[in-house]
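Here the structure comes first, spelled out in structure tokens, and everything after it is commentary.
Read-outs throughout are calculated quantities, based only on the coordinates presented, and are distinct from any laboratory measurement. These numbers were taken from a predicted model, which means no experiment stands behind them. Cβ sites come from the backbone with ideal geometry, for glycine too, and all protein chains shown count toward neighbours.
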Amino acid sequence: MQSKRGSLTLVPYYIWIALFVIAPIILVGYYSLLDLDGHFTLENYQNFFTPVYLKMTLSSFWYAFIITVICLLISYPAAFIISRLKNKQLWLMLIIIPSWINLLLKTYAFIGIFGQSGPINAFLSTIGFEKQQILFTSVSFIFVSVYIFIPFMILPIFNSVDKLNRGLLDASRDLGASRLYTIRRVMIPLTMDGIKAGIQAVFIPALSLFMITRLIAGNHVITLGTAIEQQFLVTQNWGMGSTIAVFLIIFMFIIMVITGEQKKKKGAARNGKN
Amino acid sequence: MKNLVKASIAILVVCVALIFITKSLDTNASKSGKNILTVYNWGEYIDPALLKKFEKETGIHVVYETFDSNEAMITKVEQGGTNYDIAIPSEYTIEQMKEKDLLLPVDHSKIPNLKNIEPDFLNLDFDKNNSYSIPYFWGTVGIVYNEKMLTKKLDFTSWDQLWDPSLKGKVLLVDSAREVLGMSLNSMNMSLNETDSTKLQKATDKLIDLSPNVQAVIGDEVTQLMVNGDAPVALTWSGQAADMMYDNEDLTYTVPDEGSNLWFDNMVIPKTSKNVDGAHKFINFMLDPENAAQNADYVGYSTPNKAALKLLDPEVTSDERYYPSAEVRKNLHVYKNLGKEKIGEYNELFLKFKMSLK
């Protein structure tokens, strides 16, 4: 009876997955095999392996990597400090609140902040420096992306750091481990799940960023997301757009496997011990 | 569990209430029966007061929706599920829509105000006899620049001045393949509608040489950036330039001598129209001299309506930057629909250029 009811309640879930996860992926795969006139072809895949798209793939990965690393470097200590504070839920809230504001709105705000007549350049000129071109550089692109993604990194890390038994750290220190050694051998391994979840939540969307590449980087940075947008909306070459999307899906799948696999192993080992 | 049930019921109640409200709003809107006219237009491209006036005069309720690119518009019309009665695409898109059989013919006998349109703007290649389209606005592509910010004196009578070394990191371009590649083609005295791949490659190579000078390739944000003085030079459309100059007096707009693009936006009746009669009334209403003048004043682009020209500020209508003489117009060319494949090539080359930006 129990299992019957269980499988019945799963039906909506299966329908959902079939309609909104599996069907779209199949459609994307199907479209990627069509040329402009709707005939079957592998041309799009051939096209992907030309210098333009390979270079674009590399630069997408490179920027996604930098964004993820910076997010991680800021978020880990931040999450740790917040978890030790008295009003930690309040502090967490303060970090989450900006993500309630529309992304486009925040991006436009940065155009104003980074602009020639913006506050940063006003500050630079009052302390005697020359005005700098900040907007439309890769640095401003990375800065804004990091700003946008940081909550997604802090949240999972905070959850795992918060659950961490503080006694373990004290024990490690008592037993003579240095602070660095404790962090490296006790704290990081125990919060690995949070770190991995954070990396997934940042790296994967960062790979397919678009809009910001135009508004903040002025197209000085081109990612795979930009190319997909252009293929669908401007060129109307749905085949090529889908092909790029197929590769993005493959890349993301690989990342999920890399960041998820060890967890399973560990789980298995734990089960074995139990 | 109890809380969960309570929450679920609350959500259900809210959903039902919302459905009810939207339903009743819909019936309110369609109370006038078939007297609804759905207009699909570019953003910021009509004086809203005119829509009110039209509603008052005809009793037809106007539903107004906007798009931001010809391609997005055509995709939406093509996929159906919409009932736009009026759309305002550019000329090469009209060619495309005609090919795809997405338009209804326009009945000229229902549009007496057609006589107000300057004959030069009628019977053009993209739509002979204006069987499917009626001119709305026209304009050019050119260069807007801020004289006070230029370190070297340039007047942009030639496109080649954009390549000047003194403009390092100072040029803004629009994020549109045909405008940017077209500018490069024009600078080498080639046609905007070039389809020869080696010539297109040449134009791309020349653009790649421009990349050190490019500050950014962006969209409508150009207006704000130029007004704020973030950049001294931008490639842009005449109407957008008019907006900028309105807010910043140091700006000037010019169309280089080698020639440039001349474009037309036209009113069409998509096949999905449910109120063809109302659509004709709307077109006729927009061609009324007074209405056309009011609209041109608000939007800032050039009107093809010669009767309306007389009502506009002579300072604007005698300004060659907005209303170039027939002689200058000879050097300006209209985009042709080059077909999906060539457009794809243009965009691939444009992408290559954008990838060369450091």
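A few comments on the model shown:
- Candidate aspartates and glutamates for bridging to A:LYS131, where Cα separation is under 12 Å - those fewer than 8 sequence places away on the same chain excluded: B:ASP230
- For A:228-237, mean number of other protein chain Cβ atoms within 10 Å: 6
- Per DSSP, loop trypsin sites (Lys or Arg not before Pro) in the stretch B:1-99 with at most 11 further Cβ within 10 Å: B:LYS34
- Farthest toward positive dipole pole in the stretch A:52-235 [+1 Lys/Arg, -1 Asp/Glu at C-beta], among A:ILE212, A:ASN165, A:PHE149: A:ASN165
- Ranking A:SER99, A:ILE74, A:SER178 by Cα position along the charge dipole of the stretch A:52-235, where only Lys, Arg, Asp and Glu carry charges on their C-beta atoms, puts A:SER178 farthest toward the positive end.
- Dipole axis of chain B (+1 Lys, Arg; -1 Asp, Glu on Cβ), positive-most option in B:ALA308, B:SER8, B:ASN130: B:SER8
- Peptides ranked, highest mean first, by Cβ atoms within 10 Å: ranges B:105-114, A:64-73, B:10-19: A:64-73, B:105-114, B:10-19
- For the stretch B:198-261, trypsin sites (Lys or Arg not before Pro) meeting the loop criterion (DSSP other than H, G, I, E, B) and having at most 13 other Cβ atoms within 10 Å: none.
- Chain B: C-alpha gyration tensor shape, a/c 1.5 cut-off, then a/b vs b/c: prolate
- Global form of chain A, assessed from the alpha-carbon gyration tensor, a/c cut-off 1.5: oblate
- The length gained on full extension between A:ILE250 and A:SER7, counted as 0.36 nm times the residue separation minus their Cα-Cα distance, comes to 84.4 nm.
- Averaged over peptide A:47-55, the number of partner chain Cβ atoms lying within 10 Å of each residue's Cβ comes to 2.
- Each of A:ILE188 and A:GLU43 was given a label point 7 Å from its Cα along the Cα-to-Cβ line. The distance between the two points is 5.0 nm.
- Theoretical FRET efficiency, 1/(1+(r/R0)^6), r = Cβ-Cβ of A:ILE26 and B:ASP220, R0 41 Å, to 0.05: 0.65
- Of the DSSP H helices in chain A, those that are both long (alpha-carbon extent of 30 Å or more along the helix axis) and hydrophobic (Kyte-Doolittle mean at least 1.0) are A:51-84, A:138-163.
- Residues with amide H under 5 Å from that of B:MET267, placed H, sequence gap 5 or more: B:ILE134, B:TYR136
- Two-site label geometry, B:LYS310 and B:ALA49: point separation in nm, points 7 Å out along Cα→Cβ: 2.2 nm
- Summing Cβ point charges (Lys, Arg +1; Asp, Glu -1) relative to the Cα centre of chain B gives a dipole of roughly 1260 debye.
- Helical segments meeting 30 Å axial Cα length and Kyte-Doolittle -0.5 threshold in chain B (DSSP H): B:2-29
- Whether the protein assembly as shown is rounded, prolate or oblate, judged on the alpha carbon gyration tensor where a/c under 1.5 counts as rounded: prolate
- Peptide-level mean, for A:219-225, of C-beta atoms on other protein chains within 10 Å: 4
- For chain A, adding -39500 (n - 2.57) for each run of n ≥ 4 DSSP H residues and dividing by the number of residues yields -23000 deg cm²/dmol at 222 nm.
- For B:MET267, B:MET1, B:MET226, the sequence from fewest to most other C-beta atoms within 10 Å is B:MET1, B:MET267, B:MET226.
- Cβ charges +1 (Lys, Arg) and -1 (Asp, Glu), total dipole of the stretch A:52-235, debye: 400 debye
- Length released on extending from A:ASP162 to A:LEU19, taking residue separation times 0.36 nm less the Cα-Cα span: 47.8 nm
- Cβ-derived FRET efficiency at R0 56 Å, B:SER131 paired with B:ASP155, nearest 0.05: 0.85
- Loop-located chymotrypsin sites (Phe, Trp or Tyr not before Pro) in the stretch A:70-172 (DSSP state not H, G, I, E or B) with no more than 10 neighbouring Cβ atoms inside 10 Å: A:PHE129.
- Cross-link pairs beyond the 30 Å C-alpha cut-off, checked among B:LYS199/B:LYS354; B:LYS56/B:LYS306; B:LYS128/B:LYS281; B:LYS76/B:LYS206; A:LYS106/B:LYS152; B:LYS310/B:LYS342: B:LYS76/B:LYS206; A:LYS106/B:LYS152; B:LYS310/B:LYS342
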